[in-house]
1. Just for region 294-324: of the residues that are modelled with pLDDT of 75 or more and part of a loop (DSSP other than H, G, I, E, B), which one is surrounded by the fewest Cβ atoms within 10 Å (Cβ to Cβ)?
2. In the set ALA149, ALA158, which member is surrounded by 14 or more Cβ atoms within 10 Å (Cβ to Cβ), in a helix (DSSP H, G or I) and in contact with a Leu (Cβ under 7 Å, 6 or more places away or on another chain)?
3. Looking at region 100-137, which of its residues are in contact with a helix residue (DSSP H, G or I) (Cβ under 8 Å, 6 or more places away or on another chain), farther than 22 Å from GLY330 by Cα and open to solvent by less than 80 Å² (accessible area, probe 1.4 Å)?
Amino acid sequence: MTVTHVFTRAPGNVRDRSATRIPSWVRAILAIHLQTKVLGVNLVILGITAAALWGFPGAGAESPQDLLIVFGALIVGACVSYALVRVALKPIDDLEHVARRVSQGRLSERVPPSLVADSGLAHLGATMNEMLDTLSASRDRMRKLGADAVYAQERERAQVARELQDSVAQTLAAASFQIAAAINDIGRNAGTAYLTDARELLRAALEEIRNLSRSLYPRVAEDLGLPAALEALGDATRQRSLIDVKVRTDIVGVIIPVRMFATLYRVAQEALRNVEKHADARAVTVSLSARPGMVELEIVDDGCGFDSQVTTARANSALGRIRERLSLAGGELHIDSTRDSGTRVVARIRMETEAA
């Protein structure tokens, strides 16, 4: 039995091969902008007409004035033709401009209405605007869903933190007091040392529970406000690592939604933790600023910085969860660092989003 193999060529490959057969100078001419092509055609017509008039006097004008009139008319016609083509292609240039801006992430761009666009171009512009409206609405819905998911997660963390603080921590504290009372009652005997060790273990467990509760949900930001919480965080970092932490806030006249407190606090917390572990810095500046529609948190250190891919991956993994939270809430995180020149971490959140 004979098996016949049938090979087919993709149309794109055929076009590519046929294009390679065209000389390069021809492809260069074909790639010229349409407006320039029209102007070139008019100039060619002008040249042919001039050659015909000068080469065959009997077929053209009989005086230099007539020749000037003919040339002037041809030049004016070429300029008018070029201008008309330029005006006619203006809607296409607008479409290209909007498409480029949209590709850069500016989904608020829209194709402006044009009085010179024909029905086809006008319909194309309207269709593109409708598509951008739908895309913007979908993005807003996704942001809202992401923010709601982040906020729901934050509420769960707050609930667990309260349970740890109000239930487990209080139980451990009560047990520690009971052991202290037992030690006082029995005085010095063989079991006192064991009770003392048990009390120390309870104290250590109680401190771990409190630290875990604070890491799960920073209630200080909600209770005292974000500026005070950042001051407390800076003081704790300064006492723990001897790094000079300065906190600056400039949010006068701007109300930051409470939902943003936890996220911004966590950015500062994670960035300062990263400075303690890896930066070998002497000073850190934490700046909180806000303007209508935007809040920005910046952490700058004078540490060793980084430029290798390994260190960049380490920094990104340390702030990876924060970056995801900011993205879901409609915010963004930027990390800029240079070897021996420190690191700059900037978090920005638009306040019209429901950031958690």
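The values are calculated or read from the model by the stated rules, or taken from the named source; none is laboratory data. Since the model is a prediction, treat every value here as computed from it, not as a measurement. With ideal geometry, Cβ positions are generated from the backbone for all residues, glycine too; neighbour counts draw on all protein chains shown. Side chains included, ligands, DNA and RNA excluded: accessible areas come from the protein's heavy atoms. Shrake-Rupley method; radii C 1.70, N 1.55, O 1.52, S 1.80 Å.
1. Here the residue is CYS304.
2. Within the list ALA149, ALA158, the selection yields ALA149.
3. VAL111, PRO112, SER114, VAL116, ALA117, LEU121, ALA122, GLY125, MET128
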